[in-house]
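The values are calculated or read from the model by the stated rules, or taken from the named source; none is laboratory data. Please read these numbers as outputs of a predicted model, since none were measured by experiment. Glycine gets a Cβ as well: all are built from the backbone with ideal geometry, and neighbour counts include every protein chain shown.
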Amino acid sequence: MTEALYLDNPYLELAEATVTAVGTDGGLYVDRAIFYPQGGGQPGDRGSIEWGTGFRTNIKNSMYSADRSSIILVPESGQELPQFGQTIIQRLDWARRHALMRMHTAMHLLSVVLPYPVTGGQVGVEEGRLDFDLPEGETVDRASATDALNALIRADHAVTTEWITDAELAENPALVKTMKVKPPTGAGRVRLVRIGTDVDLQPCGGTHVKSTGEIGEVQIAKIENKGRLNRRVRLRFAPATEAA
(Lines give C-alpha, C1' and ligand atoms only; values in the text may rest on other atoms or scores of the structure.)
Protein backbone atom coordinates (compact mmCIF):
# COMPACT_ATOMS: atom_id res chain seq x y z
CA MET A 1 0.00 0.00 0.00
CA THR A 2 1.08 3.57 -0.66
CA GLU A 3 1.24 6.07 2.18
CA ALA A 4 -0.58 9.17 0.92
CA LEU A 5 1.60 11.96 2.29
CA TYR A 6 -0.57 14.66 0.69
CA LEU A 7 -3.46 13.83 3.02
CA ASP A 8 -1.68 15.15 6.10
CA ASN A 9 0.53 17.73 4.39
CA PRO A 10 -0.68 19.01 1.00
CA TYR A 11 2.13 21.61 1.06
CA LEU A 12 4.87 18.97 0.85
CA GLU A 13 6.77 19.62 -2.39
CA LEU A 14 9.64 17.16 -1.99
CA ALA A 15 9.82 13.66 -0.50
CA GLU A 16 11.78 10.44 -0.73
CA ALA A 17 10.12 7.16 -1.70
CA THR A 18 10.94 3.61 -2.72
CA VAL A 19 9.77 2.01 -5.96
CA THR A 20 7.74 -1.06 -4.98
CA ALA A 21 6.94 -2.21 -8.52
CA VAL A 22 7.24 -1.16 -12.16
CA GLY A 23 4.20 -1.88 -14.31
CA THR A 24 4.38 -3.33 -17.80
CA ASP A 25 3.35 0.12 -19.07
CA GLY A 26 6.14 1.82 -17.09
CA GLY A 27 3.94 3.03 -14.24
CA LEU A 28 5.91 3.37 -11.00
CA TYR A 29 4.35 2.03 -7.81
CA VAL A 30 5.75 3.76 -4.73
CA ASP A 31 5.56 3.17 -0.98
CA ARG A 32 4.76 6.83 -0.21
CA ALA A 33 3.58 9.65 -2.43
CA ILE A 34 3.21 13.41 -2.45
CA PHE A 35 1.47 13.13 -5.84
CA TYR A 36 -2.33 13.23 -5.62
CA PRO A 37 -3.85 10.46 -7.80
CA GLN A 38 -6.59 11.61 -10.13
CA GLY A 39 -10.08 11.07 -8.78
CA GLY A 40 -13.04 12.80 -7.20
CA GLY A 41 -12.99 15.46 -9.91
CA GLN A 42 -9.40 16.52 -9.15
CA PRO A 43 -6.65 15.84 -11.73
CA GLY A 44 -3.60 13.82 -10.83
CA ASP A 45 -0.45 15.71 -9.91
CA ARG A 46 2.55 16.20 -12.17
CA GLY A 47 6.21 16.78 -11.46
CA SER A 48 9.40 14.77 -11.65
CA ILE A 49 11.51 12.20 -9.84
CA GLU A 50 15.27 12.01 -9.39
CA TRP A 51 17.16 8.78 -8.86
CA GLY A 52 20.45 7.02 -9.33
CA THR A 53 23.43 9.15 -10.31
CA GLY A 54 21.75 12.19 -11.78
CA PHE A 55 18.77 10.61 -13.53
CA ARG A 56 15.57 12.67 -13.79
CA THR A 57 12.20 11.44 -15.05
CA ASN A 58 9.19 13.64 -15.71
CA ILE A 59 5.88 12.50 -14.25
CA LYS A 60 2.88 13.43 -16.40
CA ASN A 61 0.13 12.02 -14.18
CA SER A 62 -0.57 10.05 -11.03
CA MET A 63 -3.35 7.56 -10.48
CA TYR A 64 -4.64 4.79 -8.26
CA SER A 65 -4.06 1.12 -8.92
CA ALA A 66 -7.17 -0.88 -9.81
CA ASP A 67 -7.76 -1.84 -6.17
CA ARG A 68 -6.91 1.69 -4.95
CA SER A 69 -4.26 0.33 -2.60
CA SER A 70 -1.31 1.88 -4.44
CA ILE A 71 -0.50 5.19 -6.11
CA ILE A 72 1.14 4.95 -9.53
CA LEU A 73 3.36 7.66 -10.96
CA VAL A 74 2.94 7.79 -14.73
CA PRO A 75 6.16 8.87 -16.50
CA GLU A 76 6.37 10.61 -19.84
CA SER A 77 7.23 8.16 -22.59
CA GLY A 78 10.77 7.48 -23.76
CA GLN A 79 12.53 8.15 -20.46
CA GLU A 80 14.83 6.11 -18.27
CA LEU A 81 13.01 4.48 -15.35
CA PRO A 82 14.16 3.46 -11.89
CA GLN A 83 13.85 -0.20 -10.96
CA PHE A 84 12.18 -2.12 -8.17
CA GLY A 85 13.61 -1.23 -4.76
CA GLN A 86 15.29 1.95 -5.93
CA THR A 87 15.08 5.12 -3.84
CA ILE A 88 13.69 8.16 -5.64
CA ILE A 89 13.14 11.83 -4.78
CA GLN A 90 9.70 13.13 -5.73
CA ARG A 91 9.39 16.76 -6.83
CA LEU A 92 5.91 18.16 -7.22
CA ASP A 93 4.86 20.70 -9.85
CA TRP A 94 3.93 22.99 -6.99
CA ALA A 95 2.53 25.92 -8.98
CA ARG A 96 0.00 23.62 -10.64
CA ARG A 97 -0.87 21.80 -7.39
CA HIS A 98 -1.36 25.06 -5.48
CA ALA A 99 -3.73 26.37 -8.15
CA LEU A 100 -5.72 23.13 -7.90
CA MET A 101 -5.82 23.43 -4.10
CA ARG A 102 -7.10 27.00 -4.28
CA MET A 103 -9.74 26.09 -6.84
CA HIS A 104 -10.87 22.98 -4.99
CA THR A 105 -11.43 24.91 -1.76
CA ALA A 106 -13.26 27.64 -3.69
CA MET A 107 -15.56 24.98 -5.14
CA HIS A 108 -16.44 23.77 -1.64
CA LEU A 109 -17.41 27.35 -0.82
CA LEU A 110 -19.45 27.54 -4.02
CA SER A 111 -21.51 24.60 -2.74
CA VAL A 112 -22.22 26.71 0.36
CA VAL A 113 -23.30 29.79 -1.61
CA LEU A 114 -25.45 27.60 -3.87
CA PRO A 115 -26.92 25.03 -1.44
CA TYR A 116 -28.27 22.60 -4.01
CA PRO A 117 -27.44 18.94 -4.67
CA VAL A 118 -24.26 18.59 -6.74
CA THR A 119 -24.55 16.36 -9.80
CA GLY A 120 -20.96 16.64 -11.03
CA GLY A 121 -17.81 18.70 -10.97
CA GLN A 122 -14.25 19.10 -12.14
CA VAL A 123 -11.32 20.92 -10.54
CA GLY A 124 -9.04 22.76 -12.94
CA VAL A 125 -5.95 24.94 -12.78
CA GLU A 126 -7.65 27.97 -14.35
CA GLU A 127 -11.31 26.98 -14.11
CA GLY A 128 -13.45 24.68 -12.01
CA ARG A 129 -17.06 23.74 -12.46
CA LEU A 130 -19.90 22.37 -10.39
CA ASP A 131 -23.20 21.08 -11.74
CA PHE A 132 -26.22 21.69 -9.54
CA ASP A 133 -29.66 20.13 -9.46
CA LEU A 134 -31.81 23.25 -9.19
CA PRO A 135 -35.55 23.11 -8.50
CA GLU A 136 -37.69 23.91 -11.51
CA GLY A 137 -38.01 27.66 -11.98
CA GLU A 138 -35.06 28.47 -9.70
CA THR A 139 -32.38 30.80 -11.07
CA VAL A 140 -28.94 31.92 -9.89
CA ASP A 141 -27.88 35.55 -9.90
CA ARG A 142 -24.25 35.44 -11.00
CA ALA A 143 -23.21 38.78 -9.50
CA SER A 144 -24.71 38.24 -6.05
CA ALA A 145 -23.40 34.67 -5.89
CA THR A 146 -19.90 35.91 -6.80
CA ASP A 147 -20.09 38.58 -4.09
CA ALA A 148 -21.17 36.02 -1.48
CA LEU A 149 -18.39 33.67 -2.51
CA ASN A 150 -15.69 36.32 -2.25
CA ALA A 151 -17.01 37.41 1.15
CA LEU A 152 -16.44 33.87 2.44
CA ILE A 153 -12.95 33.88 0.92
CA ARG A 154 -12.02 37.23 2.48
CA ALA A 155 -13.24 36.04 5.90
CA ASP A 156 -10.14 33.80 5.89
CA HIS A 157 -11.78 30.76 7.45
CA ALA A 158 -9.46 27.95 8.52
CA VAL A 159 -9.59 24.77 6.42
CA THR A 160 -8.99 21.58 8.40
CA THR A 161 -9.51 17.85 8.05
CA GLU A 162 -10.89 15.17 10.35
CA TRP A 163 -11.94 11.56 10.09
CA ILE A 164 -15.15 9.70 10.84
CA THR A 165 -16.04 6.04 10.55
CA ASP A 166 -18.05 4.56 7.70
CA ALA A 167 -20.85 3.98 10.19
CA GLU A 168 -20.85 7.62 11.28
CA LEU A 169 -21.11 8.73 7.66
CA ALA A 170 -24.01 6.35 7.10
CA GLU A 171 -25.75 7.95 10.07
CA ASN A 172 -25.20 11.44 8.63
CA PRO A 173 -26.08 11.21 4.91
CA ALA A 174 -26.59 14.99 4.69
CA LEU A 175 -22.79 15.39 4.78
CA VAL A 176 -22.63 14.07 1.22
CA LYS A 177 -23.49 16.83 -1.25
CA THR A 178 -22.74 14.94 -4.45
CA MET A 179 -25.56 12.92 -5.98
CA LYS A 180 -23.59 10.75 -8.43
CA VAL A 181 -20.17 10.38 -6.78
CA LYS A 182 -20.17 8.90 -3.31
CA PRO A 183 -17.15 9.08 -0.99
CA PRO A 184 -15.15 5.86 -0.92
CA THR A 185 -16.05 3.63 2.00
CA GLY A 186 -14.95 0.16 3.00
CA ALA A 187 -11.63 1.11 4.58
CA GLY A 188 -13.36 1.83 7.88
CA ARG A 189 -13.04 5.61 7.89
CA VAL A 190 -13.79 8.63 5.72
CA ARG A 191 -11.95 11.96 5.57
CA LEU A 192 -13.91 15.17 6.04
CA VAL A 193 -12.85 18.69 5.04
CA ARG A 194 -14.11 21.42 7.37
CA ILE A 195 -14.17 25.13 6.51
CA GLY A 196 -14.43 27.43 9.49
CA THR A 197 -16.37 26.33 12.53
CA ASP A 198 -19.63 25.81 10.71
CA VAL A 199 -19.23 27.13 7.15
CA ASP A 200 -18.92 23.73 5.48
CA LEU A 201 -18.22 20.10 6.29
CA GLN A 202 -18.18 17.35 3.67
CA PRO A 203 -16.31 14.17 2.72
CA CYS A 204 -13.35 14.82 0.43
CA GLY A 205 -10.04 13.12 -0.31
CA GLY A 206 -8.60 16.01 -2.31
CA THR A 207 -6.02 18.66 -1.49
CA HIS A 208 -6.96 22.08 -0.09
CA VAL A 209 -5.38 25.31 1.10
CA LYS A 210 -5.11 25.91 4.85
CA SER A 211 -7.37 28.98 4.88
CA THR A 212 -9.89 30.52 2.50
CA GLY A 213 -7.95 33.79 2.27
CA GLU A 214 -5.27 31.91 0.34
CA ILE A 215 -7.70 31.34 -2.54
CA GLY A 216 -7.74 34.94 -3.73
CA GLU A 217 -10.61 36.63 -5.52
CA VAL A 218 -12.72 34.49 -7.84
CA GLN A 219 -15.55 35.07 -10.25
CA ILE A 220 -18.44 33.00 -11.47
CA ALA A 221 -17.67 33.21 -15.15
CA LYS A 222 -20.69 31.48 -16.63
CA ILE A 223 -23.87 29.61 -15.74
CA GLU A 224 -25.05 27.09 -18.34
CA ASN A 225 -28.25 25.13 -18.71
CA LYS A 226 -27.27 21.47 -19.06
CA GLY A 227 -30.69 19.89 -18.75
CA ARG A 228 -34.15 20.41 -17.27
CA LEU A 229 -32.84 20.67 -13.70
CA ASN A 230 -29.08 20.86 -14.23
CA ARG A 231 -27.09 24.11 -14.08
CA ARG A 232 -23.35 24.17 -14.72
CA VAL A 233 -21.54 26.92 -12.82
CA ARG A 234 -18.05 27.77 -14.07
CA LEU A 235 -15.66 29.31 -11.54
CA ARG A 236 -12.44 31.14 -12.39
CA PHE A 237 -9.79 33.10 -10.55
CA ALA A 238 -10.29 36.83 -10.96
CA PRO A 239 -7.66 38.57 -13.13
CA ALA A 240 -4.83 40.06 -11.11
CA THR A 241 -4.95 43.82 -10.80
CA GLU A 242 -1.81 45.94 -10.90
CA ALA A 243 -1.14 48.22 -7.97
CA ALA A 244 -1.41 51.92 -8.72
Of the residues in the stretch 203-215, how many are more than 18 Å from Asp166 (Cα to Cα), surrounded by 19 or more Cβ atoms within 10 Å (Cβ to Cβ) and either free of Cβ contacts under 8 Å to residues at least 40 places away in the same chain or out of contact with any His (no Cβ under 6 Å at 6 or more places or on another chain) (or both)? 3
Yes/no for Ala95 being within 23 Å of Val199 (Cβ to Cβ), surrounded by fewer than 21 Cβ atoms within 10 Å (Cβ to Cβ) and of a type outside the set (Asp, Glu): no
Given the conditions (1) in contact with a Pro (Cβ under 9 Å, 6 or more places away or on another chain); (2) on the phi > 0 side of the Ramachandran plot, and given that Gly54 satisfies all but one, which numbered condition is not satisfied? (1)
For the structure I just gave you, tell me whether Asp141 is surrounded by fewer than 15 Cβ atoms within 10 Å (Cβ to Cβ) and under 19 Å from Lys226 (Cα atoms). yes
Just for strands (runs of 3 or more DSSP E) wholly inside the stretch 83-202: which have at least 2 residues that are in contact (Cβ under 8 Å) with a residue 24 or more places away in the chain and in contact with a Gly (Cβ under 6 Å, 6 or more places away or on another chain)? 87-92, 118-122, 127-133
Considering Asp25, Asp45, which residue is assigned to a loop (DSSP other than H, G, I, E, B) and over 20 Å from Lys210 (Cα atoms)? Asp25
Just for the stretch 1-51: of the residues that are hydroxyl-bearing (Ser, Thr, Tyr) and within 21 Å of the chain's Cα centre (by Cα), which one is surrounded by the most Cβ atoms within 10 Å (Cβ to Cβ)? Tyr36
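Have a look at Arg189, Arg236, Arg228 and point out the one that is among the basic types (Lys, Arg), modelled with pLDDT under 90 and closer than 23 Å to Gly40 by Cα.
On the way: Arg236 fails: modelled with pLDDT under 90; Arg228 fails: closer than 23 Å to Gly40 by Cα.
After applying the criteria, what remains is Arg189.
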Just wondering, is there one or more residues in the stretch 172-188 that are surrounded by 16 or more Cβ atoms within 10 Å (Cβ to Cβ), under 17 Å from the mean Cα position of the chain (by Cα) and of a type in the set (Ser, Thr, Tyr)? yes
When you check Pro203 against the structure, is it at pLDDT 90 or above, of a type outside the set (S, T, N, Q) and in the same structural domain as Val113 (by TED's automatic domain parsing), yes or no? yes
Look at the stretch 28-42 and say how many of its residues are over 15 Å from Ser65 (Cβ atoms) and either in a loop (DSSP other than H, G, I, E, B) or among the aromatic types (Phe, Trp, Tyr) (or both). 3
